[in-house]
């Protein structure tokens with residue numbers, strides 16, 4: 001079982017949503033999304049630096065928590081590659097979006113987005 005929460009956002013006065021008290025933090029994922037300036041969801045947020053005052057205690061997305069638990073059952077463990085800001089899953093290297101990637105210019109690339 002993996003519970004979901006949502007981080008607070010001081011810019012929009014969104015208070016966030018706390019996960020159930022009974023669920024340990026390593027079984028919680030956030031549901032926050034990144035919406036482009038035209039209101040379309042094109043990017044996916046895998047992790048972020050949590051606001052200390054947020055009711056959501058995790059820095060890992062719900063979708064990533066699900067994927068990592070599934071892959072662990074298959075014997076595939078994640079490996080961080082800090083010098084490349086990448087995550088390796090088996091023989092696949094996942095790189096985050098960068099500031100000027102593709103059609104994006106001056107992208108808000110905080111957190112780990114794909």
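Summary of computed values
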| read-out | value |
| --- | --- |
| Evaluation of residue 48 against (1) over 15 Å from residue 114 (Cβ atoms); (2) modelled with pLDDT under 90; (3) crowded, with 19+ Cβ neighbours inside 10 Å (one fails), failing number | (1) |
| Test: residue 20 is surrounded by 12 or more Cβ atoms within 10 Å (Cβ to Cβ), touching a strand residue (DSSP E or B) at 6+ places or on another chain (Cβ under 9 Å) and outside any strand (DSSP E or B) | no |
| Strands (runs of 3 or more DSSP E) fully within region 23-99 counting 3 or more residues that are in contact (Cβ under 8 Å) with a residue 12 or more places away in the chain | 28-30, 45-47 |
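The values are calculated or read from the model by the stated rules, or taken from the named source; none is laboratory data. This is a predicted model, so every value here is computed, not measured. Glycine also receives a Cβ, built like all others from the backbone with ideal geometry; neighbour counts cover every protein chain displayed.
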